[in-house]
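Structure first, then comments.
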Amino acid sequence: MKKRELQELKNKPLGELEHIVIESGEKLRALRFDLAAGKVKNVNELHQTRKRIARAKTFINQKNG
C-alpha cells in the first residue's frame, strides 16, 4: 500500500472504515474458499486483504480512543 493510499485510508470517516472491514472480511472468506478449491492464482492477495483489514481496524481503534 502506497503512502498516499494509507493517508486516504486514515482520513476516512469511522463508518466507512467499518464498511471496509466488513467488505474485506467477505472478500477474504471468498478467497479462502477459492484457495481450498485451487482457483486462486494470486496467493499474495490473501496477505494484502488481511493487512487492509488490520490497518482499517487500527485506524478505527485510534479514532475511538
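Readers should treat all values here as calculations from the given coordinates under stated rules, not as data from a laboratory. Everything quoted here is computed from the prediction, not taken from an experiment. Neighbour counts are summed over all protein chains in view; Cβ atoms, including those assigned to glycine, are modelled from backbone coordinates with ideal geometry.
Observations on the model:
- Candidates Lys12, Lys41, Lys27: whichever shows maximal mean-square fluctuation once the chain is modelled as a Gaussian network with Cα springs under 10 Å: Lys41
- Distance between the pseudo-spin-label points of Glu16 and Arg32 (7 Å out from Cα toward the beta carbon): 2.8 nm.
- The stretch 13-64: Rg to Rh, with Rh as the Kirkwood radius over Cα pairs: 1.08
- Rounded to the nearest 20, the size of the Cβ-charge dipole of the stretch 13-64 about its Cα centre is 220 debye, with Lys and Arg at +1 and Asp and Glu at -1.
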